[in-house]
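Just below is one structure, and these are the notes that go with it.
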Amino acid sequence: MRKLGSFVGAVLWAAVALAQPFPSRPVKIVVPAAAGGATDALSRSVASRLAEVWNQPVVVENRPGATQIIGGDYVAKSAPDGYTLLVSDAATFVMNHILHQNLPYTRSSFTPITVLTRFPWVIVVHPSIPATSFPELVAHARANPGKLSYGSFGLGSSGHISMDYLKNLLGVDIVHVPYKGAGPAVTDLLAGQIQLMMVTPLLVEPHARAGKLRLIAAATRERIPRLPELPTVSESGVPGYDAGTWFALAGPAGMPRELTHAIYGAVKSVLYEPAFKEKYIDKQWFEIVANTPEDFATFLGTEFERWENLIRLSGVKVQ
């Protein structure tokens with residue numbers, strides 16, 4: 001009976017959504033991470049331009065905590081009318097379903113809209129660490145087991161899994177310190193409270209240029225075009241290693257196809273606007289994806305397979 005009620009409710013919301021132009025009132029984009037991180041930065045830039053395109057306020061609301069689960073649950077339980085959307089580090093979104101046995105929602109609790117962007121990560125250290133290259137960092141970690149700590153943007157996040165997988169490959173003991181977002185972790189890295197991090201260049205490259213942090217390696221298979229002088233982890237002793245993340249837009253389950261594609265079309269046009277791309281995409285190290293809702297759904301399936309394998313190899317478990 002409950003499933004029937006949910007189905008009827010979704011049909012009614014679909015009818016309402018199709019009966020009036022969208023949007024006719026403010027739209028909320030929920031970011032399940034703290035302000036100051038990459039997810040937040042991307043969401044606010046997209047929201048600002050969408051507000052101009054739609055001639056309606058588009059408000060970003062941060063709901064951090066529990067590795068994106070709090071914000072995700074809020075959106076999953078919202079009406080499927082397009083007025084409450086989710087922008088998340090979608091790799092972490094996928095891993096939550098693999099790592100957590102009692103999530104308050106399921107894979108089918110959301111409507112995929114599009115993968116907005118993806119971007120690379122770098123490994124960065126505090127200047128107090130006597131290492132200027134990835135091999136030197138590994139040697140230092142091996143000589144000081146358990147004395148170094150790295151920050152991630154949440155327990156069970158893509159940053160956590162990717163770093164722990166790398167730790168296991170190298171056989172080094174580095175303590176994990178989870179945060180409620182990349183922004184707070186970078187703040188502690190700058191203060192020397194943690195010693196290293198795997199994170200987007202967006203948040204750390206300016207500090208590296210200022211001498212407050214030190215870039216050690218690109219955590220990508222190929223060198224980052226904007227950092228051609230920075231060697232990769234793959235070429236520095238871990239062949240084939242590749243880490244990064246991607247950000248996606250989704251809504252609650254039950255959104256009508258016409259509404260989903262209307263939102264997708266508006267977002268895609270914003271991402272590819274030359275002025276917007278130059279100011280908010282290229283300068284923030286993002287790479288546009290903007291795939292269709294159908295392609296996004298297919299991509300999610302392949303990501304579930306990939307991260308299940310990485311989690312198994314990393315040995316990470318979440319209680």
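Could you list, in sequence order, the residues of segment 277-302 that are touching a strand residue (DSSP E or B) at 6+ places or on another chain (Cβ under 9 Å), over 12 Å from F247 (Cα atoms) and not in a helix (DSSP H, G or I)?
Once the filter is applied, which keeps residues that are touching a strand residue (DSSP E or B) at 6+ places or on another chain (Cβ under 9 Å), over 12 Å from F247 (Cα atoms) and not in a helix (DSSP H, G or I), segment 277-302 yields Q284, W285, T292.
Residues that are within 22 Å of Q68 (Cα to Cα) and among the small types (G, A, S): does segment 269-286 have at least one?
No, segment 269-286 has no match at all.
Return yes when R223 is free of Cβ contacts under 8 Å to residues at least 60 places away in the same chain, basic (K, R), assigned by TED's automatic domain parsing to the domain that holds R49 and over 26 Å from A33 (Cα atoms) and no when it is not.
no
Report whether or not T232 is within 19 Å of T114 (Cβ to Cβ) and out of contact with any His (no Cβ under 7 Å at 6 or more places or on another chain).
Criteria not met by T232.
Assigned by TED's automatic domain parsing to the domain that holds A41 and either under 26 Å from K317 (Cα atoms) or of a type in the set (G, A, S) (or both): is that true of L86 in this structure?
For L86, the condition - assigned by TED's automatic domain parsing to the domain that holds A41 and either under 26 Å from K317 (Cα atoms) or of a type in the set (G, A, S) (or both) - is met.
Is it true that Y105 is in a loop (DSSP other than H, G, I, E, B) and surrounded by 16 or more Cβ atoms within 10 Å (Cβ to Cβ)?
yes
Residue check, D242 against (1) part of a loop (DSSP other than H, G, I, E, B); (2) of a type in the set (D, E); (3) modelled with pLDDT of 95 or more, all met but one. Which one?
Evaluating D242 over (1) part of a loop (DSSP other than H, G, I, E, B); (2) of a type in the set (D, E); (3) modelled with pLDDT of 95 or more leaves (3) as the failure.
To keep it simple, each residue is scored yes or no on (1) crowded, with 21+ Cβ neighbours inside 10 Å; (2) of a type in the set (K, R); (3) under 21 Å from F286 (Cα atoms).
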site: T132; (1), (2), (3): no, no, no
site: L137; (1), (2), (3): yes, no, no
site: H140; (1), (2), (3): no, no, no
site: F153; (1), (2), (3): yes, no, yes
site: L169; (1), (2), (3): no, no, no
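The values are calculated or read from the model by the stated rules, or taken from the named source; none is laboratory data. Here the structure is a predicted model, which means the values were calculated and not measured. Note that we place each Cβ from the backbone using ideal geometry, even for glycine, and neighbour counts take in every protein chain shown.
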